[in-house]
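Report on the structure given below.
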Amino acid sequence: MKLTKVQNPAAAAVTSRGAGPANTIDRRTFLRRAGMSAGGAAALGMLPATMMRKAHATTEAAAPEGGKTETVRSICTHCSVGCGIYAEVQNGVWTGQEPAFDHPFNRGAHCAKGASVREHGHGERRLKYPTKLENGKWKRISWEQAVNEIGDKMLAIREQSGPDSVYWLGSAKHNNEQAYLFRKFAAFWGTNNVDHQARICHSTTVAGVANTWGYGAMTNSYNDIHNSKAILVIGGNPAEAHPVALQHLFRATERNNAPLIVIDPRFTRTAAHANQYMRIRPGTDVPVVWGMLWHIFENGWEDKEFIRQRVYGMDEIRKEVAKWTPDEVERVSGAPEEQVKRAAKTMAEHRPGTFIWCMGGTQHTIGNNNTRAYCVFQLALGNMGVAGGGTNIFRGHDNVQGATDLGVLSHTLPGYYGVAEGAWKHWAKVWDVDYDWLAGRFDKEERPGEYFGEEGGDEKIINSMHAKGIPVSRWIDGVLEDKNNIEQRDRLRAMVFWGHAPNSQTRGVEMKDAMDKLDMLVVVDPYPTVSAVMHDRTDGVYLLPAATQFETYGSVTASNRSLQWRDRVIEPLFESRPDHTIMYMMAKKLGFEEELFKHIEVNGEEPMIEDITREFNRGMWTIGYTGQSPERLKLHQQNWHTFDYTTLEARGGPANGEAYGLPWPCWGTPEMKHPGTHVLYDTSKPVAKGGLTFRARFGVERDGVNLLAEDSYSKGSAIKDGYPEFTADMLKKLGWWDDLTADEKQQAEGKNWKTDLSGGIQRVAIKHGCAPFGNAKARTVVWTFPDPVPIHREPLYTSRRDLVEKYPTYADRKDFYRLPTRYESIQAKDYTGEYPLIMTSGRLVEYEGGGDETRSNPWLAELQQHMFAEVNIVDANNAGIKDGEKIWVESPEGARIEVQAKVTDQGVAAGVVWLPFHFGGHFQGKDLRDKYPKGSDPYVLGEACNTAFTYGYDSVTAMQETKCSLCRIGPA
Amino acid sequence: MHFPTRYRVVISLMLLLLALILLVPLAPYALAYVQGAGGVANPGTELWREVRQGVPGQTQVQGTDTGTLIGAGGEQWRRFRMEQLVPYSAVIFAGVVGLFVLYFLIRGRIRITAGRSGRLIQRYTLSDRWIHWFMAVVFLILMLTGLVLLYGRWILIPWLGPEGFSATAQFCKSAHNLTGLLFPVAVVLVLFAYLREALFNFKVDITWFLRAGGYLGGKHPSSGKINAGQKAWYWTVVVGGVLLCVSGLALYFPDFVQSRELLRNAYQVHTLVAVFIIAFFFVHIYLGAIGMEGSLEAMTSGSVDANWAKEQHDLWYEEVRGQPEPDPPGAGGIAAGGVASPRPDD
Amino acid sequence: MARMKFLCDAERCIECNACVTACKNANEVPWGINRRRVVTINDGSPGERSMSVACMHCSDAPCAAVCPVDCFYFTDDGVVLHDKDICIGCGYCFYACPFGAPQFPANVAFGGRGKMDKCTFCGGGPEPDNSPEEFRKYGSNRLAQGKLPLCAEMCSTKALIAGDGDVVSEIFRERVTYRAASGLAWGWGVAYGKPGQRRASGLENKASSQD
């Protein structure tokens, strides 16, 4: 390559301290800008406008531009909308980004983040080389040395404390193949201590929704909102978190006259465009939803026929709802009757309406109650299973849906199979490994009677293979808790942050202690992340540069369950390597690469992505990740323009009739050519065309009450009523067994629709118009949960002591995801005297997640340079604070953060402080910029709001509470 | 030049854009009103009124005034510069110069009535003269470069072409900026150098003014070391100079946090004062160097002929008549310092 | 002949700043220079509205009128461009522009402003189309490639529209037609009062080639 010409000698940046001049890749040296060695916004003004295009053009000036530009199709790596991207690449350099007008999701549109993804190709602030912390100094090392040292340490820990003492923290930034491989990797290492961001974003949604009607995912799609006649957004600010979604919302508001109702404690940018805005106190979702339902039941607006046919337990809901009279709703939530009634009436009169929620609903100790209440609301109005209706749950990261589906979770294997023996046997079969060998990888210690310091306590045998692992939200406690209280052999000793921002997690001060206490901290990420700097360690920290998703390829699942294929835009920058390559290197070092890659071709050190896709296709029967072969996905990718903007159905073209991205469930084998399911539970279509019923997941009857659907079935169903899930026996009883081929029969014998690797059971069920997973009622009462009927409980750190008695939280629990978990012992203490304000958090459009990536992108960072707290003018005046001043925000567990005050009139109500959560790099008033490896500090640093957020975990999923805590503010 | 027409066009354009934007909030408002569901002022209407009035909003882009969507001040400033400053200043300068040409043609050079006595009187010390010529050079550079920037687009582009004029203008801008740094020094020096003699003596000075300095006929009115007209010039230079310095500094460092409004106001102050001073400067040049015999040498050699002093500054003459004669002209004159100045015409 | 215009639909603009970063992306303008910005009026209050603003490419551009060196010129499409080789960085255009479009690099020489930089409607400058020199000084020349400004093309909600003024106003007019039929969907006047009546608009099925 000739591009060295433009290299600025001053830019011969050295990343790691003590390392020699960059062993650089000539092709990339021009990407660096001069004078960037030290950070600080002050220095930024002097950035010379060295430009990639210029650099390129200068060196290629002789050749005409044309001919050489290659256009690569990729998908934005920021949020779950899944916007298409056209990347223009010249000689391996990402020189241009064009709007993908033909992409069915975004029609060329982007938000600030999507419109700046090309900056990834510059990558000035990336982590450039494997680096380790030695005597308090960052030292550049080779990949071989890094993998060897890390592997040796891990094997030693395994020897001393067992495999459960190494925590594998995965990522929603991985593509599906990497996510699947990561979960498989953890399984082969022998632990369930593996998790990712879904735990702290929508785990309560997945649990709540899946336990209501079968699948825990967005039921419709962004595009399907075009069909909505009303839109209700609660606990979400898509105008900032999912801006491109607003183009779909506006389609409904403008063309259908659909009213937009926003329920939120903060007057968000979404609320600015709403017809009705209802302000509630943080953490009172259940009262408000039940308050709306109260009016619906009171006026008989519910869809009685729908409820009769397809809903179980609505009478129990009625009993609970009856308690939520307008007065009580207003007393608890602050929402006046007039507003609540009006919202209920609007939703009742404009059907189908869609119901959208995000983190505002999920991140609570009662998150699972919230999400189930939302579902019940939609069931009551009969808004489920119809275009324009549904629960449109906007997921966060670009592949958080995929990573969730592929089981990067401590409580399940890929496909929500769980971690019980059957699940392991199913996957052992798919992986073609011996179940006993697999079981032998796990810890087998038996340690009865000493949990939680109790004498003569439960005799309990640790079976780490079948016990849920520690969730990411609690890894801190896995390190800090007394090891006798942890339901595993030893505490956590090594953490692997493989694409995770620690500042997205609460209890920052304790997290720092936990990091300090670890034996080893490994960060695998394109950026150093806050994990590199927030602790006081001097040794045992390894930073491994991972490639971004633009530097590799594979499939990614958008929020609407569509799988999209990304092509590689550029080669990995600097010394970074794709995540799956790093996994191979680690597996080789740890000694299980033969088994891990048994049916996956490895080229050099890079496993073949397509083989991984095909492997999970062979095992993911539960949720229909089986039909999306790489070939089909690539075909969709090459034919974006053929898919309809509203129905997502290809109109003609090679994918004619298929829904874009084959949204799961895409039943059966790829050869079966199922078109994917655009709208879940839509009985107006045959299952073969994307129709569906509610899943028969919870049995066929309960206490003598039928759980199967009544008089409701999908179009063309051979069974004109509810039916249980399909098994081999059921096929025989129905007389459909002989529809299977001989080969299928052999594989299906004794199996069910989830475990039959031939796909024959699914094929035959669908052939007869039936849903493989049965046809049941959705259940509004989840008898397996702590609160079968969703009820309101005050947050642990509540501002309303007067409500604690009536709406108390849960009792403390001794073993919940291996850890003791506190509820009432925290709520018992009144902090409101010292900490009178409610503290809540949210997103900014310019940044994403922990923000390490976006704060390192100068195009974005320039637009948000200061961490701030949005404070009502009343509270500001009371505390003697003016707009723009530095303030301390202090929380009841003793943490304090120094931020800028943004004083607002009506943005938040008096008594509420709102904090964005993307900042990091400052810690309790201290600027940690100097601690980053040289040249890899993000442009913008700031206090992480989660440093101040407090204890509190959802009663089902251990979701962290970030939306309702207490604080006080004062001048800094 | 068709400024008014152009102006109408830009205003129409902006109104058109605003009208388009206004349609949105207005339509449902009207509808709601018709339906009787109104009763509350439509915030949309209020919104665009605020925008038109330049009420600042919030933006993520850092910088001064970035929150202002539409700033009306720019239009006024444009009108000031293009419709008032440029044409009127040209008229003023042309008028002043024209008047003096006319005056010269009618009156000719005003001679020392009694002829030269041959006896010299020390009028300005060496430092007085250095200060004067320092100010003169600084002022001339600033004036010329300023005028090039003001009129060059019409006068010089046709000659030099756009590139040529750009280079010239770039040079003038830099020269103006750099020389401008010396101007405050010159103003302070001038202030102290001549302050004592420039203090007003009301009776004498008012009489001088009432008789128009005798330039329009009649006898020279009485005056001290410097006459009332010169005092006026002095105060113009000092006060105007301070204003030029202050406004100039505001324009000098645009990276401070000045609002555009402040910059525009500074520009207006700067140019108005400059026009006034330059016009006065023409008077000064005419009377000091062209129109009056024996005046210029006071600032070159430092000495004047006794008869000149007696006629022009009788009160001062009375004060200093007894003092010894200074060195012969030229010996320590500022001309020796290299300032090209016309020798007094004998 | 086309007359290029920007129009920002304030009812759709959500201040996502995509236009701002898209501009950076297309033109590689450095930190501190923002050819486009989004301004929100009444931030955080009912009635909050945002609008993306950059050079509006005025027919009778004040910047061009006041420029002492006459460095501005108009393309056949009505795009206002300027010649950085002629610009002397005096800042007059910045004083005159109602929209605050002209930008100056910060921290250039003492008392200097550097060359003015502003939105070119992705139309480059006087150099040969898409030459390296043109890109270095002005950024992309998308117009010469038959493309419209990236800011508008990437707008998340299609609030910012760019293009031939006639087409732009037609798109906008059509949108307003949809909205006018909607008593509930628009206007806080309605939202503050009694619930509006739902009216059959009769427009649901009307297809629009552009949205």
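Among the residues of region A:896-912, write down those that are assigned to a loop (DSSP other than H, G, I, E, B) and on the phi < 0 side of the Ramachandran plot.
The answer is A:Asp905, A:Gln906, A:Gly907, A:Ala909, A:Ala910.
Test each condition in (1) more than 8 Å from chain B (Cβ to nearest Cβ); (2) closer than 21 Å to C:Pro132 by Cα; (3) touching a Ser or Thr at 6+ places or on another chain (Cβ under 8 Å) for C:Ile14 and report the one that comes out false.
Failing condition for C:Ile14: (2).
Do you know which of the residues in region A:92-148 that are among the hydroxyl-bearing types (Ser, Thr, Tyr) and farther than 24 Å from C:Cys16 by Cβ is surrounded by the most Cβ atoms within 10 Å (Cβ to Cβ)?
A:Thr131
Considering each residue of region C:124-155, count those that are facing another protein chain (nearest Cβ under 10 Å) and under 16 Å from the mean Cα position of the chain (by Cα), and give that number.
Adding up the residues that qualify gives 11.
Test of understanding: among A:Ala910, A:Ala958, A:Ala948, which residue is out of contact with any Phe, Trp or Tyr (no Cβ under 8 Å at 6 or more places or on another chain) and open to solvent by less than 10 Å² (accessible area, probe 1.4 Å)?
Result: A:Ala948 is the single residue among A:Ala910, A:Ala958, A:Ala948 that is out of contact with any Phe, Trp or Tyr (no Cβ under 8 Å at 6 or more places or on another chain) and open to solvent by less than 10 Å² (accessible area, probe 1.4 Å).
Any residue at all in region A:518-526 that is over 25 Å from the mean Cα position of the chain (by Cα), surrounded by fewer than 24 Cβ atoms within 10 Å (Cβ to Cβ), in a loop (DSSP other than H, G, I, E, B) and modelled with pLDDT of 95 or more?
Yes.
Among the residues of region A:614-631, count how many are crowded, with 24+ Cβ neighbours inside 10 Å and farther than 15 Å from A:Tyr417 by Cβ.
2
Say we look at region C:73-85 and pick out the residues that are open to solvent by 10 Å² or more (accessible area, probe 1.4 Å) and within 11 Å of chain B (Cβ to nearest Cβ); which of these is nearest to B:Arg81 (Cα to Cα)?
So the residue we want is C:Tyr73.
Considering only residues of region B:246-291 that are in contact with a Pro (Cβ under 9 Å, 6 or more places away or on another chain) and buried (at least 20 other Cβ atoms within 10 Å of the Cβ), which is nearest to B:Glu75 (Cα to Cα)?
Of everything passing the filter in region B:246-291, B:Leu263 is nearest to B:Glu75 (Cα to Cα).
What residue, among those in region C:28-48 that are of a type in the set (Gly, Ala, Ser) and in contact (Cβ under 8 Å) with a residue 40 or more places away in the chain, is farthest from the other protein chains (Cβ to nearest Cβ)?
It comes out as C:Gly32.
Could you say which residue among A:Ala272, A:Ala252 is under 21 Å from C:Asp43 (Cβ atoms) and assigned to a helix (DSSP H, G or I)?
Going through A:Ala272, A:Ala252 in turn, the sole match is A:Ala272.
More than 14 Å from chain C (Cβ to nearest Cβ) and closer than 14 Å to B:Phe183 by Cβ - does that describe any residue in region B:208-221?
No: zero hits.
Being among the hydrophobic types (A, V, I, L, M, F, W, C) and facing chain C (nearest Cβ under 10 Å) narrows it down to one of A:Leu232, A:Leu293, A:Leu246, so name that one.
Result: A:Leu246 is the single residue among A:Leu232, A:Leu293, A:Leu246 that is among the hydrophobic types (A, V, I, L, M, F, W, C) and facing chain C (nearest Cβ under 10 Å).
Do you know which residues across region A:156-198 are surrounded by fewer than 24 Cβ atoms within 10 Å (Cβ to Cβ) and acidic (Asp, Glu)?
Correct list: A:Glu159 only.
Do we have any residue at all in region B:148-160 that's outside any loop (DSSP other than H, G, I, E, B), open to solvent by 60 Å² or more (accessible area, probe 1.4 Å) and under 30 Å from C:Ala54 (Cα atoms)?
Looking for residues that are outside any loop (DSSP other than H, G, I, E, B), open to solvent by 60 Å² or more (accessible area, probe 1.4 Å) and under 30 Å from C:Ala54 (Cα atoms), one finds at least one in region B:148-160, hence yes.
Mind checking which residues of region A:864-879 are within 13 Å of another protein chain (Cβ to nearest Cβ) and under 14 Å from C:Gly44 (Cβ atoms)?
Matches in region A:864-879: A:Phe868, A:Glu870, A:Val871, A:Asn872, A:Ile873.
Please verify whether region A:841-863 includes one or more residues that are more than 26 Å from the chain's Cα centre (by Cα), more than 14 Å from chain C (Cβ to nearest Cβ) and touching a residue at least 12 places away in the same chain (Cβ under 8 Å).
no
Within the set of pairs 6+ apart or on separate chains, which have a first residue in region B:81-98 that is within 20 Å of B:Val283 (Cα to Cα), a second that is open to solvent by 60 Å² or more (accessible area, probe 1.4 Å) and not aliphatic (A, V, I, L, M), and C-beta atoms under 9 Å apart?
B:Ile92/B:Phe276
Report yes if A:Thr538 is open to solvent by 20 Å² or more (accessible area, probe 1.4 Å) and among the hydroxyl-bearing types (Ser, Thr, Tyr), otherwise no.
Against the criterion (open to solvent by 20 Å² or more (accessible area, probe 1.4 Å) and among the hydroxyl-bearing types (Ser, Thr, Tyr)), A:Thr538 qualifies.
For region C:98-120, indicate whether the set of residues that are at pLDDT 90 or above, more than 10 Å from every other protein chain (Cβ to nearest Cβ) and farther than 25 Å from C:Pro68 by Cβ is non-empty.
Within region C:98-120, none of the residues are at pLDDT 90 or above, more than 10 Å from every other protein chain (Cβ to nearest Cβ) and farther than 25 Å from C:Pro68 by Cβ.
For region B:201-233, what are the residues that are more than 23 Å from B:Arg107 (Cα to Cα), in a loop (DSSP other than H, G, I, E, B) and touching a helix residue (DSSP H, G or I) at 6+ places or on another chain (Cβ under 6 Å)?
B:Gly224, B:Lys225
What is the one condition in (1) open to solvent by less than 10 Å² (accessible area, probe 1.4 Å); (2) more than 18 Å from the chain's Cα centre (by Cα) that C:Ser50 does not satisfy?
All conditions are met except number (2).
Would a scan of region A:349-372 turn up a residue that is in contact (Cβ under 8 Å) with a residue 40 or more places away in the chain, within 14 Å of chain C (Cβ to nearest Cβ) and among the polar types (S, T, N, Q)?
no
Contact list please: Cβ distance under 6 Å, first residue in region A:756-784 and part of a loop (DSSP other than H, G, I, E, B), second residue among the hydroxyl-bearing types (Ser, Thr, Tyr), pairs at least six apart or on different chains.
A:Gly759/A:Thr669; A:Gly769/A:Ser717; A:Cys770/A:Ser717; A:Ala771/A:Thr693; A:Gly774/A:Tyr723; A:Lys777/A:Tyr312
Being of a type in the set (Ser, Thr, Tyr) and within 10 Å of chain C (Cβ to nearest Cβ) is the filter here; which residues of region B:52-97 pass it?
Of everything in region B:52-97, those that are of a type in the set (Ser, Thr, Tyr) and within 10 Å of chain C (Cβ to nearest Cβ) turn out to be B:Thr59, B:Thr64, B:Thr66, B:Thr68.
The values are calculated or read from the model by the stated rules, or taken from the named source; none is laboratory data. On a predicted model such as this, the values are computed, not experimentally measured, just so you know. Neighbour counts are summed over all protein chains in view; Cβ atoms, including those assigned to glycine, are modelled from backbone coordinates with ideal geometry. Surface areas here come from the heavy atoms of the whole protein model, side chains and all, with no ligands, DNA or RNA. Shrake-Rupley method; radii C 1.70, N 1.55, O 1.52, S 1.80 Å.
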